[in-house]
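Comments concern the structure below.
The values are calculated or read from the model by the stated rules, or taken from the named source; none is laboratory data. Every value quoted in this text rests on a predicted model; they were computed, and no experiment measured them. Backbone-built Cβ (ideal geometry, glycine too); neighbour counts: all protein chains shown. The protein model used for the area step is the full one, side chains on, heavy atoms only, and it has no ligands, DNA or RNA in it. Shrake-Rupley method; radii C 1.70, N 1.55, O 1.52, S 1.80 Å.
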Amino acid sequence: MMERRTARRYELSLPVNIRIPVQTNPVTYNGKTRDISNHGVYFTTGNNLNVGAELDLTVTLPAEVTRGGEVLVRIKSTVLRADKSLANGDCRVGVAAIFKRYDIVCNESVRS
């Protein structure tokens, strides 16, 4: 199978907050990243997400990754793929999402 990715992916297991902005009463879900690039992310969550859904994601990159302070990344994205699986009796959904836009907030703003 030919690799179609154009950007390098970095294996990072980080907490991610997931929000669907078009819901009447948006709820924040939790998940965990598996890998991330400058074009997209793959994460797992316990919630079903539909292909094509618009998402607001929030990830905090730790100082070990940034080689400085913590960095908050706010991401507008779209779900490309959602794979349901059952691991250790826990139903998880693996989600591939492409970035439409992201904003990086330095550590001083994260603490305010």
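Some points to look at:
- Environment charge of Val93, counting only residues whose C-beta is closer than 14 Å and scoring Lys/Arg +1, Asp/Glu -1: +3
- Chain lengthening between Glu64 and Cys106 when straightened (0.36 nm per residue, less Cα-Cα): 13.7 nm
- Long-range tail of P(r) for the chain (Cα pairs > 23 Å, %): 28 percent
- Accessible surface of the stretch 25-73, 1.4 Å probe, proportion on carbon and sulfur as whole %: 46 percent
- The order of the peptides 37-46, 19-28, 57-66 by mean Cβ neighbours within 10 Å, most packed first, is 37-46, 57-66, 19-28.
- Per-residue ³J(HN,Hα) for the stretch 28-42, Karplus 6.51 cos²θ - 1.76 cosθ + 1.60, θ = phi - 60°, Hz, x for Gly and Pro: 9, 9, 10, x, 9, 6, 10, 8, 8, 9, 7, 10, x, 8, 10
- Computed label-point distance, nm, for sites Ser13 and Asp35 using a 7 Å Cα→Cβ extension: 1.6 nm
- Contact order relative to length of the stretch 12-78, as percent, for alpha carbon pairs under 8 angstrom and 6 or more apart: 30 percent
- Accessible area of the stretch 1-79 divided out per residue, in Å², using a probe of 1.4 angstrom: 64 Å²
- Spin-label proximity, Ile98 to the stretch 40-61 - amide N less than 18 Å from point 7 Å beyond Cα toward beta carbon: 40-43, 50-57
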